[in-house]
1. One decimal, nm, shortest first: give the distances between the label point of B:Thr198 and those of the same position in the other copies, each label point 7 Å from Cα along Cα→Cβ.
2. Kindly point out which whole DSSP H helices in chain B project their C-alpha atoms 18 angstrom or further along the helix axis while averaging a Kyte-Doolittle hydropathy of 0.5 or above.
3. Of all DSSP beta bridges located in chain A, what percent are antiparallel, nearest 5?
4. May I ask you to list the GluC sites (Glu not before Pro) in the stretch A:40-129 that are in a DSSP loop and have at most 11 other Cβ atoms within 10 Å of their Cβ?
5. How many nanometers, to one decimal and shortest first, lie between the label point of B:Asp455 and those of its other copies, if labels sit 7 Å from Cα toward Cβ?
6. Hey, rough spin-label estimate for A:Gln25 and B:Gln25, points 7 angstrom out along Cα→Cβ, what's it come to in nanometres?
7. Which net charge results when you count Lys and Arg as +1 and Asp and Glu as -1 among the other residues whose beta-carbon is under 15 Å from that of A:Ile489?
8. Go through the stretch A:476-505 and name the GluC sites (Glu not before Pro) that are in a DSSP coil and have 15 or fewer other Cβ atoms within 10 Å of their Cβ.
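Derivation of every value follows stated rules applied to the coordinates shown; laboratory data play no part. For clarity, every value in this text was computed on a predicted model and none was experimentally measured. Every residue, glycine among them, receives a Cβ derived from its backbone with ideal geometry; neighbour counts consider all protein chains shown.
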Number of protein chains: 2
Amino acid sequence: MTLTTNTMGTIDFTSSDERIGELLQRQHEIADLSALGALAEWDQHTAMPGEAGEARMHQMATLQGALHERATDPRLGEVLHALNEVVEQPRFTEADRGLVRQSLRSYEQATKLPRTLVEEMERVKVASTEAWITARQRSDFASFAPWLQRTVTLQREVADRFGYKESRYDALLDIYEQGLTTSKLVQLFEPVRTTSKTLLQRIQESGHTVDTSSLYGNFSAKQQEQLCQKILKSIGYDFSRGQMLISAHPFTTSFGSPIDVRLTVRYNERYLPMSLMAALHEGGHGLYEQGVARSLLRTSLAGGASLGVHESESRLWENALGRSESFWQGKYHIVQEVFPEQFGNVDVATFARALNSVQPSLIRVEADEVTYNLHILIRFELEKALINGDITVESLPEQWNAKYREYLGIEPDKDANGVLQDVHWTSGFGYFPTYTLGNLYAAQIFATLRQTFPDLDERLATGDTTFVLDWLREHLYATGAIYQPEEVIRRATGEKPDPQYFVRYLTEKFERVYDLNS
Amino acid sequence: MTLTTNTMGTIDFTSSDERIGELLQRQHEIADLSALGALAEWDQHTAMPGEAGEARMHQMATLQGALHERATDPRLGEVLHALNEVVEQPRFTEADRGLVRQSLRSYEQATKLPRTLVEEMERVKVASTEAWITARQRSDFASFAPWLQRTVTLQREVADRFGYKESRYDALLDIYEQGLTTSKLVQLFEPVRTTSKTLLQRIQESGHTVDTSSLYGNFSAKQQEQLCQKILKSIGYDFSRGQMLISAHPFTTSFGSPIDVRLTVRYNERYLPMSLMAALHEGGHGLYEQGVARSLLRTSLAGGASLGVHESESRLWENALGRSESFWQGKYHIVQEVFPEQFGNVDVATFARALNSVQPSLIRVEADEVTYNLHILIRFELEKALINGDITVESLPEQWNAKYREYLGIEPDKDANGVLQDVHWTSGFGYFPTYTLGNLYAAQIFATLRQTFPDLDERLATGDTTFVLDWLREHLYATGAIYQPEEVIRRATGEKPDPQYFVRYLTEKFERVYDLNS
C-alpha cells in the first residue's frame, strides 16, 4: 500500500529552519527515551519475570526523571515560545505547527510538575501494576486499595498543579483529550446513555435472541494465535513492523511509529471472540500507528491525535467493520480454515450475527456495542467522584456493584470480575471516557465511509479491506497528531463531532440484528 | 538456597557515609538506564520486527548519550576522587572499596571519550548488528565489510584515546579484562596452544573414536525447549527471576542482577547438543548473575567480576560439570523423559561420552573442549592484526580460512560458517580472548571443587548440584564485581590464575575419554 499523503506536503517539517531543527533534535531525544520506557512497559506486561518488579520500578522512575529533565529544559521553552510567534507564517508547514503546538502543551504541562513527583508517579505506577496483577488473580481488592489510594492522592496533586475551572477531574480529562471537561462529557454522553438503555430495554422486551453457540467450544490457544495473525495480516497490519504477544489485558504500543508498533491479545480456549475481537480492536490501533507518515518518526506527532481518536480506529475495525456481516462474508473462510471442525457447518450469517449478541455482562472488554458505553459511564461517574472527593477508595467495590445493578441489572460475583477488572487505575484517571468518545467518532467516520463508498458492503464481501485502509491512511492516519482531535474528525468527515451518528448507527444496527421493528 | 555470604559483612555498602550515599545514587541512575539499554538489545535479538532497526539505532544512541552525560559528570569525579583518598580506612567495607574502584575506572574511561563518539559507536553497533544478521543469512561478507571497517576505525580511535604502552590492541583488551595485555595473553595461551594441538594429534593418531550417533535424530524444538527449561531448573536457574527465549546467537543478559537475568538458546532439530549445551553454558552465566548479593542491585558491582571470570562459570557448568559422566548419571533421566524414543535405549555412559567427541569443526560455539581454544586463538590473532593495522578488513575471509587450515586442518565451505559466524565484531574487539581465560579459570575452580568435595562424582551422580551452586555462590558469585578478577580467583581457589590447571584437566580428561594411554 502506497501512502498517497506524502504528496500532501503538510507532513514534512521545515527542518531547514534553525529553530525547527533544534526543536526536532530535542523531540528526537525525548521520543527515543520515551520509546525505551514503552518497551520496558511492554516487557513488564508480556515477559518480565515475577520477581523483577523492584528493579523495573526504579528503571522507570529514573527514565521519567531523565525525560522530565529534557521536557522542562528552559532552552526548550525559549525555542518553543519563539517559534510560537512565527509558526503561522506561510513558510512553515502544518507539521511544523502541529509540532510546536504539541510540544508547547507538553512543555507547559511538564513544567507544572516537579521532577520528584514525576518519578514518584512512575514508581507508584509500576508497583501498583504489580499489585493489581496479584490482586486480580486473587480477587483481593484490599491488597490493591492502598496503591489505588496513592494514585488518587498523586492524581489530585497533578490536577491541582495543572489547574482547572470547574472541577478537579476536568484537569485530568484534559490530559487525555485536550479541552475535554465534565460538562462537555455529560452533554455528549446523554444521548448515548438514553439510546443504550432504550435499546437494551427494547431488545429484552422483544424476546428475540441471537444464537451464540458457535462461539463456544474448544479452541486451542495455538490455533487462535494462527487465526489472529491471519486476520491481522488480512486487514493490513504489517508484521515486519509489528509483533503479537499475550498479556492479561490486551493493548497496543509503539517504540517508534510507524516502524515498530506491537500489540497483545489473550486467549480463552472455550470462547473464540475473546482473542479474535481483541485482535481486531488492537489491530485497529496498530493500523493507525503503522499508518502515520514516516516523516513524523521520532517526534510526538508520530501517534494518534488523541486517545479518543485512537479509540475510534480500534472500534471502527472491531465493531463497525469487524462485527458486520459483509466483513465476514469476505473473511469468514479464514476462520473456517483454522477451525474446520468448529465452523465447517456454521454459515457466515449465523457467525456474524452471533458476534452481535446483546447481553448485560460484567466485563467491559467483552461487552457488546449496546451495553459497552454503560460500562464506561459507570467508570466515569466513579472516578469523577473519587477525584472530586465524593467517595472513598474503600467504598469502591460497593459503589461499583451498586452501579452495575443500576445500569445493567447484574452484580459481580467477585471483585476480579468487578472493580479489579481494568488495569487503567494503576496509572491515573480520566482515560475511560475517551473510549466512549472513540465510539462516537467511529460511527461518524463509518458514516463517511459508507457515503464515500456506496458499494461498501459489496466490496467488503469480496474480502478486500485495502480500500478502507488506504482511505483512512490518507484522510486520518498519515497526519498523526499534527491536528487536534476535533480538526481530525472534521478533516475526515467534513463535520465536527456529533453524537447523533452513533445514536443512528447503534439504533439501525440493533433494530436489524434483533428484528425490533417487526 | 540461602546465601550464607550475607553474614560476611563485605557486601553491604556504608550508605550512612554521605559520599557513598551520593555515589550510590548516581550509580543507581546509571544502572537503571543501562538496564533499559540491555533490555532494548535483548529485544533486538529476540523479538524486534525486521523494519524497526532505524528507530532502535537512534534510541540506543540517545540512551548512550544520556548515560555518557551521567558517567562524565564532573561532580561524580569530585566525589570519586575524595572517596578514593579515604576508602581504605577500616570504617569502609569491601563493597565500598569495590564500588569506588569500579566507578573510578568507568569515570576515567568515560571522560576519555567524547559524547559524539559514544553515540556514533552505539549507532554503528545497532546498524552493524542488523547488517550482520542479513549478511550471515546470505553468507555475504561484502555487505558486512563496510560496517566492520567502521567498527575497526572507531575501535582504533577508542584505543588511541584510552592509551596503551605496547600495542593499540592492548587498550581494547584492558576494557574487557583490566590489566590484560597481548604479551600476558601470549604467555597464558602458549601452554593452551601446545596442549590442544598435541592432544588433537594424539587423538587423531590413536584411531579411537567416540560414538555420537545418539545425538543426531529428530528433536522437535518444542521438546528441546522443555528439556532446556528442565535442565536449567535442575541446576538452580530461577525462572521467577529469569526467562529463556530464542536468538541466532545464544547469550545471557541482565536488567538488574540478581532479580532479572535472562538468557537465550537456539534449536537444531537434527542435533540435540546445540540447545542443550547452550542452555548449560548460558545457565552458568545466569547462575552467576542470579547469585550476586541483592545488596548490590542497581550498582555496577551487580554482575561478573570480569568477562573472563564470567566465562569461567559458563564453561564450568557447560563443560567441567555438563560434559561429565557423573553429572549425567544424576540428570540423564530428564533427557530420557523428554525424548523417550531417542534415548530409551542409550545408556548414560554412551550419552556422556558422545558429548566429548573431539573433531576439528568450523563453528566455535559447537567446538569440543580440545579444539575450542584454537578457535579463540585464530580470532585473537586476526583481531590483533586488524586493530594494529597489519591486515585489512577485505582480506579477513581469506585470512580466516587460511588460519582454519593451519590450526584445524579444515576450511569453511562459506563465510556464514567462517568469518561471519560470530556477532562479536559488531560491537568491538578484545572480547574473544576472555573466552580462553574463562576456560583456564574454570579448570582451576573445578580443581578446587574436587578438593573441597572429595566425593564430588558420587554426589553429582545422585542428581544433586545444589551443593556446588551453594559453594560457588558463597565463594564467588555473591561478591559480584567487588574484587578484581585475579583476586576473585585467589579467593575462590587460594592461588592466582595458573594455566597448568587447564593443561592437566584437558589432558587427563581426554586421555580417559579417548583411552590414549592404553
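1. 9.7
2. Numbers: long enough: B:18-46 (41 Å, -0.51); B:53-71 (26 Å, -0.65); B:74-86 (19 Å, 0.11); B:94-111 (25 Å, -1.09); B:115-138 (34 Å, -0.62); B:141-162 (30 Å, -0.11); B:182-206 (34 Å, -0.41); B:221-235 (21 Å, -0.61); B:273-290 (24 Å, -0.17); B:325-338 (20 Å, -0.63); B:369-387 (28 Å, 0.52); B:433-452 (29 Å, 0.09); B:500-513 (19 Å, -0.64).
Taking the DSSP H segments of chain B (at least 18 Å long, mean hydropathy at least 0.5), we get B:369-387.
3. Details: 4 of 9 bridges.
Given both bridge residues lie in chain A, the antiparallel proportion sits at roughly 45 percent.
4. Numbers: sites: A:Glu41, A:Glu51, A:Glu54, A:Glu69, A:Glu78, A:Glu85, A:Glu88, A:Glu94, A:Glu108, A:Glu119, A:Glu120, A:Glu122; in loops: A:Glu88.
Counting only loop positions with at most 11 other Cβ atoms within 10 Å, the GluC sites (Glu not before Pro) in the stretch A:40-129 are A:Glu88.
5. For B:Asp455, the inter-copy label distances come out at 8.6 nm.
6. Taking the two extended label points, one gets 3.0 nm.
7. Details: positive: A:Lys184, A:Arg315, A:Arg490, A:Arg491, A:Lys496; negative: A:Glu177, A:Glu311, A:Glu313, A:Glu486, A:Glu487, A:Glu495, A:Asp498.
After counting each charged neighbour, the total is -2.
8. Working: sites: A:Glu486, A:Glu487, A:Glu495; in loops: A:Glu495.
Loop-located and lightly packed - A:Glu495.
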